[in-house]
Structure formats: structure tokens, C-alpha cells
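The values are calculated or read from the model by the stated rules, or taken from the named source; none is laboratory data. Note that the structure is a prediction, hence the values are computed from the model and not measured. Counting neighbours? That spans all protein chains shown, and the Cβs are built from the backbone with ideal geometry, glycine included.
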Amino acid sequence: MGRLNLSIFFSRLLLTSQEVIMYNRVSLHALITGRVQGVFFRAFVLEKAQQLDLTGYVHNMPSVQNVEVVAEGEHSKLEKLVEYLKTGPPESRVDKIDLTWGKFSARYSSFIVRS
């Protein structure tokens, strides 16, 4: 009986390649505060996100000190994007980043700048 239960347990640990791909993908919501509007921050994020093959969007928030980024993709690539967000383009100044990680939704087909 114990052997059967152990066998069932181990069979559930085996994932299909599709499950592994989905498991590695996550969603990221980032709110960046600082001198991030009027300094090509959105264009910078767009370029980096596309280089990393991420999907989602970046857009200016009503407050002139905030930019929102919603991105999905491989966790390691999103971590790289976060590193880029910390520095931003040359004329920007990042004071704070609020990050929220979530489940991958497959809602986006590309990465865009939203107005």
C-alpha cells in the first residue's frame, strides 16, 4: 500500500513540457516613482521588454511622477527587466519601485506603450 501511494506521488511530480513552460511564466506589475515622465522612460521600457521577449504594456500614470509596467513572461527575464527599471534611461531618476508578482494570464500578445 505504501509503495502504491509513493508511486502515485512521484507520478504527479512529472510535468509535461507545457506545464513546465507555464510554471516558469509569471506576471509582474511595477509602479515606478521618480523623474520618469518626459525622459523617454516608456520607450526605454518598451525596448528592454521587447529584447527580453516579454508581453504587456507600459504607460504614464496621471501623476507626473509615476509610470506603470505590466509584463508577463519567464521569471528570469522579468527579473532582468526589474534591474533595467531600477536605473531607467540616462535622464531619468528612479526613487521607488513597487512590485507585485502574480500568475501568468497570457492576456497579452506583445509589449506596447499605452497612452
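Which condition does SER27 not pass, out of (1) of a type in the set (S, T, N, Q); (2) under 14 Å from SER110 (Cβ atoms); (3) in contact (Cβ under 8 Å) with a residue 60 or more places away in the chain; (4) crowded, with 17+ Cβ neighbours inside 10 Å, if it passes all the others?
Of the numbered conditions (1) of a type in the set (S, T, N, Q); (2) under 14 Å from SER110 (Cβ atoms); (3) in contact (Cβ under 8 Å) with a residue 60 or more places away in the chain; (4) crowded, with 17+ Cβ neighbours inside 10 Å, the odd one out for SER27 is (2).
Say we look at segment 76-91 and pick out the residues that are closer than 20 Å to GLN51 by Cα and over 12 Å from the mean Cα position of the chain (by Cα); which of these is surrounded by the fewest Cβ atoms within 10 Å (Cβ to Cβ)?
PRO90
Name the one entry in ILE112, ILE97 that is in contact with a Lys or Arg (Cβ under 7 Å, 6 or more places away or on another chain) and under 25 Å from ASN24 (Cα atoms).
ILE97
Inspect segment 41-62 for any residue being in contact with a Ser or Thr (Cβ under 7 Å, 6 or more places away or on another chain) and among the β-branched types (Val, Ile, Thr) and give the result as yes or no.
yes
Restricting to segment 40-83, give me the number of residues that are closer than 21 Å to PHE104 by Cα and of a type in the set (S, T, N, Q).
Residues that pass the stated criteria total 4.
I need a count of the residues in segment 26-56 that are in contact with a Phe, Trp or Tyr (Cβ under 7 Å, 6 or more places away or on another chain), in a strand (DSSP E or B) and modelled with pLDDT of 95 or more.
Summing the residues that are in contact with a Phe, Trp or Tyr (Cβ under 7 Å, 6 or more places away or on another chain), in a strand (DSSP E or B) and modelled with pLDDT of 95 or more in segment 26-56 gives 2.
Test THR87 against the stated conditions and say whether it is without any contact (Cβ under 8 Å) to a residue 60 or more places away in the chain, more than 14 Å from ARG25 (Cα to Cα) and among the polar types (S, T, N, Q).
Against the criterion (without any contact (Cβ under 8 Å) to a residue 60 or more places away in the chain, more than 14 Å from ARG25 (Cα to Cα) and among the polar types (S, T, N, Q)), THR87 qualifies.
I need a count of the residues in segment 70-115 that are in a strand (DSSP E or B) and either among the charged types (D, E, K, R) or on the phi > 0 side of the Ramachandran plot (or both).
Count: 9.
Somewhere in segment 101-110, is a residue crowded, with 16+ Cβ neighbours inside 10 Å and over 9 Å from the mean Cα position of the chain (by Cα)?
yes
Looking only at segment 49-75, which residues are within 20 Å of PRO90 (Cβ to Cβ) and surrounded by 22 or more Cβ atoms within 10 Å (Cβ to Cβ)?
Hits for segment 49-75 are ALA49, VAL58, VAL67, VAL69.
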